[in-house]
Amino acid sequence: MSPALIAALPFIGACLPAILIRTGRNHAAMAAGLTSGLALLGLLLHLPTVLAGGVVEAKFEWLPWLGLNANFMIDGLGMLFATLILGIGLLIILYARYYLSNQDPVGQFYTYLLLFQGAMVGIVLSDNILLLLVFWELTSLSSFLLIGYWKHLPEGRQGARMALTVTGMGGLSMIAGMLILGNIAGSYDISVILTQKEAIQSSDLYLPALILILGGAFTKSAQFPFHFWLPHAMAAPTPVSAYLHSATMVKAGLFLMARLWPVLAGTPEWFYIVATTGLITMLIGAKIAIFKDDLKALLAFSTVSHLGLITFLLGLGTKAAAIAAVFHIVNHATFKAALFMTAGIVDHEAHTRDLKRLGGLRHLMPVTFVIGTIAALSMAGIPLFNGFLSKELMLEEAAHTVWAGSAWIVPLVAAVAALFSAAYSFRFIAHGFLGPVRDDYPHKPHDPGFGMWASPAFLVILVLLIGIMPATFAGWIVDMAAGAVIGEAVHTHLAIWHGVTPALMMSVVAVVGGLILLAMFKPLKALWEATPRPEAKVIFEAIVAVVQRASDWVTAALHNGSMARYLILFTAGSLAAGVWAWSGGAMGPPTREMLPVTPVAIVGWIMLVTAAGSVVAFHHNRILALVLIGIVGLIVSVCFIYLSAPDLALTQLSVEVVTAVLMLLALNFLPKVTQRGVGQMRHVFDIALASVTGLGTGLLIYALMMRDFAFPTMSGYHLANSYNLGGGTNVVNVILVDFRGYDTYGEVIVLGIAALVIFALTEALLQGASSRKLIAWRPDVARAGDKHPIMLLIGTRVMMPIALLVGVFIFLRGHNLPGGGFIAGLVVSIALVMQYMASGFAWTQARQKVYYHVLIGLGVLAAGITGIGAWFAGKPFLTSAYGYVKLPGLEEFELATAAGFDLGVFLGVVGSVLLALGGLSRLARRAAVGAEPVYAHIVAEKPEARSPEELNPFPRETLLPKRFAEARGYTSARNDDAPPPDDPPKPKTKKKKSKKGEAQ
Amino acid sequence: MEALVASAIGVMTAAGIYLILRMRTFPVVLGMAMLSYAVNIFLFATGRLAVNLPPILDHAGAETAGYTDPIPQALVLTAIVISFGMTAVVVMLSLGAFVEAGNDRIDLDEEEADQ
């Protein structure tokens, strides 16, 4: 199986549990297990190759010019880690199936777990540090979901946030470090970087890169002083803790250090930073772990301590130490996962994991006791268990390490840490399982079913096998992985007995000392409680609060909610940028002759400038301003015609009409007069800013127009090929539907989205408080006497077919003459809008059978399908073709596939314009409900929004013959005593209407 | 001719900027419409001005000389339609704000500060 597929499988599989959870938790668990199992199988098929020293690769170019390639490789180190991740993941999936309760959303759990698993596998199989960074961030994000899985627990949410903050910050630091590293090495591929040891270590940037990369590794692997997040992440369900903190998340940092060990290690900087940090972490973690009463907290700090141990070994920079580190990674993963799962079983069965409330479980939970004891003894470093072997290797290395000229400090600290480690391991056994059986457990504990203890049992069998026969069961794994770390073939001789060495003496001291510590636990604990110590969470939250206040302050200072201020800043900023750019360069002399100024142009110019000036001068009178801006728009259209752009003129003209209707609809509600709002100073400033900006823009475009293009543009290509390739003589239209069809496609979609946004806003305004405000709204100016003038009504209805015909005509000629989908769409929209204006919304809507949403959808679909059609001809998306068709009785005519695309544009434009304008009219109709004296017979155009009474086709005041009223159950008969409405109903017309109603 | 077009663009830009700095929504909408005109002609003018040279080929395989620049026209054509969409959204937003808030101011703070 390709390494890329192995990394992708968990991500693909992550979809399954989320879907399958509807059919039951067993199916979800099984799908997750099968995915992991399949990936593991695919991985292990490569084992023979990797054991023989080979590297399995899969390379895909992603963004090669950035150096970001999806390159994957399986070498010894990647093999070891991927096996741990997938293998322990499989055990966790089984364990979690029995651990999680019925109330937990199990589907989500498995989805998150697989996402996390995929991210981890991606890290260890990446052969590109940029790709590795992507997966690195994914582990931070997916672990956030896992740690915060119990969303109802505040500790869970806080722990998840803290983990994300710390590891996320580390990730940022690592991105910087990796970029420097890749820059020094000249490649972002790990296999290339690993060959550049001399170049990297001699670079001036080695130390910054090292510190930044270690920032990422230390935060992820919970090294001092970033160790505090790990215990708080224990608020997660135990399967998550067992997975994240034994084999995966926290090992990612170690993996990275091991991965880059060949190029980064071996320098004094590396030794003093990494080994020292590891040593301190090992000691501090172990010390705190002794005094933790919560089983999981104890294990969390022991994890911190063991991670420190491995970091220390990697930091030493010697080959033997690197081998020991790899060996301990294996051992720690096995015994720590088993211990976490044991703690989970105890918690699950006894409903507590507080050591003060436990004890005596040996008799009640014999199976769990055996599993937990074996794992804990391994952690303590007792011979015949695997923890002993690697710990002894560590002590051996420590014994002859000289730190800053002192030969005794490292061995001493290591021995003390080992002693503490033995102490908390013994305490785990003694206070949890030994001692008398108590009668005050929150819940009567007993061994769980096989499904729950199978996973830890499997792991402790490994602990024993490796512990007793290390060369048989682990030697080759260590050789394989350590060989990849060191970069040369390794043959280790793992054995239990090395003779009486300093390391053995230190081990004996540690075990005996651990037992003594346990015996004196009570007074020591009292002393511990009495000494003040910094509380990491409080400090962390204080720092977060300070940062948050600072960011609030900056945000509030920059964003005070004044839009005018943003616009002033934006305008002034653009202006300053323009002036700066202008002052920096030299300008050549004008190369074009100015076109002759004609009288027509002068008249147009005078009208435009006058109209624009008048808009500014009279903008307080909004209706007048609207008329004036319409003049500006018309002159702009004429200007387009004059300057050889017929398509633009047609478009501008039709857009002018719909924009005017739109603004009028808005003005229906908005105040008709703008009040003067700003002070004198501000006013003068605005005028100055606007004038300077206008002047700058004018000068810029003048300078541009007076000079020829510096290079030939692509217009020549478009003009030359418009007919050959696009089959049309109107080059603008061919560019729109063919050469740059993709752009147009996007623009139609954007227009459709804008219309849908308007629709959504309308829907929101038609509900709740704003709907009541609309109903209570009263017009602030006198209404026209005649709502639907008969001249307009007849005129628009007669014009309708003609207008539609014009639309079709413009659409069809578009490819060769001015016109096309955009313009035709606008023309048809105007024809329809005129119907709404003349005959009223309800009348038109009743005759309008297609929803405008559907029209937008159809438009996008038609354009898309036309584009996809090109695939079947083996061409890229939106390649057009054309041919000539001869039908009997007609002239031969041309047919281009671009017409299908243009039809999509047409439908999209019609749908969008009418949906937008329709939204505004719906608001007006809602407002009219309360204002009109006669009960509106259609309140909303949506049938489901009408109440039964509104469904009655006859307004309340309609004069109906009594028998009809009774036959229709019309309870509220006309009340003749009521004061006549504003507009007294004319009996004659109403009767006519009612007859019409009967006929229907 | 170029001077006329350039000065017209300048006047419209200035008018647009002045209007968008007003304190009520409707002038801002008008100002954006005015700025759209200015920007559209600006973009169109980057193709250089031409009189009586439409971008319609005389016949198939015609010479490419003697036509106007079609690319800015194609860009501006869609820009006109999109700016209508934008204007519609802004109008709707201002209307919604007016209905919800009962007034059409765009920022309270500065307004109150000025009074």
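Comparing the full protein assembly with the isolated chain, the residues of segment B:79-95 losing at least 50 square angstrom of accessible surface (1.4 Å probe) are B:Ile80, B:Val81, B:Ile82, B:Phe84, B:Val89, B:Val91, B:Met92, B:Leu95.
Once the partner protein chains are put back, segment A:679-704 shows a loss of at least 30 square angstrom of accessible area, versus the chain by itself, at A:Arg682, A:His683, A:Asp686, A:Ala690, A:Gly694, A:Thr697, A:Ile701, A:Tyr702, A:Leu704 (probe 1.4 Å, ligands and nucleic acids excluded).
Rounded to the nearest 0.05, what FRET efficiency is calculated for A:Ala52 and A:Ala495 with R0 set to 25 Å and r the Cβ-Cβ distance? Can you show the working numbers first?
Working: r = 25 Å, r/R0 = 0.99.
Here the calculated transfer efficiency is 0.50.
With the convex hull drawn over the C-alpha atoms of chain A, the volume per residue is 293 Å³. About its Cα centre, the dipole of chain A is roughly 3400 debye, where the only charges are +1 on Lys and Arg Cβ and -1 on Asp and Glu Cβ.
A helix-only calculation puts the protein assembly as shown at -22500 deg cm²/dmol for mean residue ellipticity at 222 nm, using -39500 (n - 2.57) for each DSSP H run of at least four residues, averaged over all residues. Counting only protein heavy atoms and a 1.4 Å probe, the protein assembly as shown has 43 square angstrom of accessible area per residue.
Report, in listed order, any pair from A:Lys59/A:Lys197; A:Lys220/A:Lys319; A:Lys292/A:Lys537; A:Lys444/A:Lys522; A:Lys444/A:Lys525; A:Lys356/A:Lys525 with a Cα-Cα distance greater than 18 Å. Each step should come with its number before you reach the end.
Working: A:Lys59/A:Lys197 23 Å; A:Lys220/A:Lys319 24 Å; A:Lys292/A:Lys537 16 Å; A:Lys444/A:Lys522 27 Å; A:Lys444/A:Lys525 28 Å; A:Lys356/A:Lys525 12 Å.
Going by Cα-Cα distance, A:Lys59/A:Lys197; A:Lys220/A:Lys319; A:Lys444/A:Lys522; A:Lys444/A:Lys525 fall outside the 18 Å limit.
Which order do the peptides A:515-523, A:84-92, A:11-19 take when ranked by the mean count of other beta-carbon atoms within 10 Å per residue, highest first?
Values: A:515-523: 13.3, A:84-92: 25.6, A:11-19: 18.7.
In descending order of packing, they fall as A:84-92, A:11-19, A:515-523.
Please name the residues of segment A:600-632 whose accessible area, counted over protein heavy atoms with a 1.4 angstrom probe, falls by no less than 20 Å² between the chain alone and the full protein assembly. Residues of segment A:600-632 that lose at least 20 Å² of accessible area once the other chains are added: A:Ala601, A:Trp605, A:Leu608, A:Val609, A:Ala612, A:Val615, A:Val616, A:His619, A:Arg622, A:Ile629, A:Val632. A 1.4 Å probe, protein heavy atoms only, puts the accessible area of A:Tyr745 near 40 Å².
Pairwise over distinct Cα atoms, reciprocal of the mean inverse distance: report the Kirkwood radius of segment A:107-233 in Å, one decimal place.
Numbers: mean 1/r = 0.0650 Å⁻¹.
The answer is 15.4 Å.
Based on Cα contacts under 8 Å between residues 6+ apart, chain A shows a relative contact order of 7 percent. Restricting segment A:647-746 to trypsin sites (Lys or Arg not before Pro) that sit in a DSSP loop and have at most 15 other Cβ atoms within 10 Å of their own Cβ leaves A:Lys672, A:Arg676, A:Arg707.
Sorting A:Tyr566, B:Tyr18, A:Tyr110 by accessible area puts them as A:Tyr566, B:Tyr18, A:Tyr110; the probe is 1.4 Å, largest comes first, and only protein heavy atoms count. Taking only the C-alpha atoms of segment A:280-379, the Rg (one decimal) and the largest Cα-Cα distance, Dmax (whole number), read 15.0, 47 Å.
Its Cα gyration tensor gives chain B an equivalent ellipsoid. The semi-axes, each the square root of 5 times an eigenvalue, are 40, 17, 7 Å from largest down. In the protein assembly as shown, a dipole from Cβ-located charges (positive for Lys and Arg, negative for Asp and Glu) runs towards its positive end, and of A:Val636, A:His620, A:Thr897 it is A:His620 whose Cα lies farthest in that direction. When the solvent-accessible area of the protein assembly as shown is split by element, carbon and sulfur atoms take up 70 percent of it, the probe being 1.4 Å.
Rounded to the nearest 0.05, what FRET efficiency do A:Leu624 and B:Leu43 have when you use their Cβ-Cβ distance and R0 = 30 Å? Kindly include the intermediate steps, with their values, before the conclusion.
Working: r = 29 Å, r/R0 = 0.97.
Calculated transfer efficiency: 0.55.
Proximity of backbone amide H atoms, modeled 1.01 Å from N, is registered between A:Leu895 and A:Gly883, A:Tyr884, A:Val885 at under 5 Å, excluding neighbours fewer than 5 places apart on the same chain. For the chain pair A and B, the buried solvent-accessible surface (1.4 Å probe, both sides summed) amounts to about 9000 Å².
Altogether, the Stokes-Einstein calculation at 37 °C and 0.692 mPa s, with the Kirkwood radius of segment A:328-440 over Cα pairs as Rh, returns a diffusion coefficient of 216 µm²/s.
Peptide A:647-656 has a mean shielding of 5, counted as Cβ atoms of other protein chains within 10 Å of each residue's Cβ.
Can you tell me, using C-alpha contacts under 8 Å and at least 6 residues apart, the relative contact order of chain B as a whole percent?
Numbers: 93 pairs, mean separation 30.6, N = 115.
Rounded, it is 27 percent for chain B.
The values are calculated or read from the model by the stated rules, or taken from the named source; none is laboratory data. Bear in mind the structure is a predicted one, so any value in this text is a computation, not a measurement. Ideal geometry is used to build each Cβ from the backbone, glycine not excepted, and the neighbour counts take in all protein chains shown. Ligands, DNA and RNA are excluded from the accessible area calculation, which covers all protein heavy atoms including side chains. Shrake-Rupley method; radii C 1.70, N 1.55, O 1.52, S 1.80 Å.
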